[in-house]
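Structure record follows, encoded as structure tokens.
The values are calculated or read from the model by the stated rules, or taken from the named source; none is laboratory data. Note that the structure is predicted; figures quoted are calculated from it, not measured. Side chains are part of the model used for accessible areas, which takes the heavy atoms of the whole protein and leaves out ligands, DNA and RNA. Shrake-Rupley method; radii C 1.70, N 1.55, O 1.52, S 1.80 Å.
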Amino acid sequence: MDKFFGTSNSTQENGEHWLTVSDLMAGLMMVFLFIAIVFMMNTQKKNDKIKDVAVAYQQNQVAIYEALQTEFKNDLNKWGATIDKETLAFNFQSPDVLFANNETTLSDAYKNILNDFFPRYINVLRPYRESLNEIRIEGHTSSAGLRGSSENQAYFYNMRLSQGRTRAVLEYAYGLMPDETSWIKSNIAAVGFSSSRLIMKDGVEDAAQSRRVSFRAITNADIQIKRILENN
């Protein structure tokens, strides 16, 4: 039969076949390993960039807080104000001095405070403008509404009140620095939060502390991190 069909070389051929498949698999594994290494390196670079932004953000946050504290440390008590280190919110927490009850018109006392505060505040933040996303004037109220109103009615009444107050503050502050009006229009916003950000003490609303107006410097670290993620 060998004369007609020849000698079988199946063992040799199979050996060569499996050797070729083994070489192919080894090559594919090397390719996948190379891709994995490149991916890990790119991920590490991205993480390092995000870490650098986070470190710079923290350092910038501390620098702004210390600059504000240094400038206004002798004024905080007489203004009834505080500076929050975590949020960089400059809080005016004597609402009876700022506005008449349920009114959006600035009191003369608050106008005098703003005359002193606002130009100095803008000048303190001037070196940090490149790192700022915006300055937000925030209005906050307690949860109390008009007598007999429901919870929802109180919330929206206080929303109109807080919005009106921050708009009045921005409008007045806008006229204090005529040389900065263009920058103010582009970078300062007035926002009313109603009673959505109450001050709580031992689980109970502190109504007096909840009624406040804040100037909050918001940095652009989150925007920088977003750009890093998008570019990668």
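Amide H neighbours of Asp75 under 5 Å, at least 5 residues apart or on other chains, H built in the peptide plane: list them.
none
Check which residues have an amide H placed less than 5 Å from Ile199's amide H, if you skip close sequence neighbours.
Excluding prolines and chain starts, which carry no amide H, the hits are Asp206, Ser210.
Rounded to the nearest 10 Å², what accessible area does Arg211 have for a 1.4 Å probe in the complete protein model?
For Arg211, solvent-accessible area is about 80 Å².
Please turn the phi angles of the range 206-213 into ³J(HN,Hα) values with the Karplus equation 6.51 cos²θ - 1.76 cosθ + 1.60 (θ = phi - 60°), one per residue in order, whole Hz, x for glycine and proline.
Values, residue by residue: 9, 4, 5, 6, 5, 7, 7, 10 Hz.
Remind me, what semi-axes does the range 134-223 give for its equivalent ellipsoid, largest first in whole Å, using sqrt of 5 times each Cα gyration tensor eigenvalue?
Those come to 28, 16, 10 Å.
Assuming a viscosity of 1.002 mPa s and a temperature of 20 °C, what translational diffusion coefficient in µm² per second does Stokes-Einstein assign to the range 55-121, Rh being the Kirkwood radius over Cα pairs?
The diffusion coefficient I find is 164 µm²/s.
Considering only protein heavy atoms and a probe of 1.4 Å, how much of the accessible area of the range 61-218 is carbon and sulfur, as a whole percent?
45 percent
For the range 169-220, compute Rh as the Kirkwood radius over C-alpha pairs and then the Stokes-Einstein diffusion coefficient at 25 °C and 0.890 mPa s; write the answer in µm²/s, rounded to an integer.
183 µm²/s
Stretched out fully, how many nm does the piece from Asn101 to Ser196 gain, at 0.36 nm a residue minus the Cα gap?
Between Asn101 and Ser196, full extension yields 32.3 nm more.
Assuming 0.36 nm per residue, please report the length gained on full extension of the stretch Asn133 to Ala189 beyond their Cα-Cα distance.
Using 0.36 nm per residue and subtracting the Cα-Cα distance, I get 19.1 nm.
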